[in-house]
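Notes to accompany the following structure.
The values are calculated or read from the model by the stated rules, or taken from the named source; none is laboratory data. Keep in mind that this is a model prediction, so the values were computed, not measured. Neighbour counts run over all protein chains shown; Cβ positions are idealised from the backbone, glycine included.
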Amino acid sequence: MSDLPDIRIGTAEREQALDLLSEHFAAGRLTVVEFDERSATVAGATTRGELDRVFADLPTPAVAAPATPRPTSTKPDGDHNWRRIVMSVIPLVALVLFFVVPVDNSWLFFLMIPAAGAILFGTRNDRERDR
């Protein structure tokens, strides 16, 4: 871990060492007893040399490859935003119509919610194109 084993360490280094130790445990390189013993040693370590002894027989961690960014859509940003906005307003419209319009079967206004969803988002071609 270090060229200077007598340099004192702080909480951040101990936490980093515990995280690395947890990765080795998760990979199956340590038993529960070994993990407990080494965790106690890391928690009580005051110098880098003490931490080096904990990891002496363990392989150095491979550097993780940087995450590849998700490909961005070629569609304009606002193309589907209007559909989401309309869909979020439809339940409110149905609720207002339910209480305001004097119709015997005013509960039918709530059928606007799934109907709007089917109209706005329901075609198979749209879903395949979005992927």
Exercise. Only one of these conditions is not met by VAL93: (1) surrounded by fewer than 14 Cβ atoms within 10 Å (Cβ to Cβ); (2) modelled with pLDDT of 90 or more. Which number is it?
Worked result: (1)
Seminar exercise, completed: The one condition VAL54 fails out of (1) modelled with pLDDT under 85; (2) in contact with a Lys or Arg (Cβ under 7 Å, 6 or more places away or on another chain) is (1)
Exercise. From the set of residues in the range 96-131 that are of a type in the set (A, V, I, L, M) and not in a helix (DSSP H, G or I), which is modelled with the lowest pLDDT?
Worked result: VAL103
Seminar exercise, completed: Residues of the range 5-45 being in contact with a Lys or Arg (Cβ under 8 Å, 6 or more places away or on another chain) and among the small types (Gly, Ala, Ser), in sequence order, are ALA43, ALA45
Problem set entry | Residues within the range 9-34 that are outside any helix (DSSP H, G or I) and surrounded by 11 or more Cβ atoms within 10 Å (Cβ to Cβ), tallied | 4
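Residues are listed down the side, and each one gets a yes or a no for (1) surrounded by 15 or more Cβ atoms within 10 Å (Cβ to Cβ); (2) under 30 Å from ALA115 (Cα atoms); (3) modelled with pLDDT under 90; (4) not basic (Lys, Arg):
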| site | (1), (2), (3), (4) |
| --- | --- |
| ASP6 | no, no, yes, yes |
| ASP36 | no, no, no, yes |
| ALA40 | no, no, no, yes |
| PRO66 | no, no, yes, yes |
| GLY78 | no, yes, yes, yes |
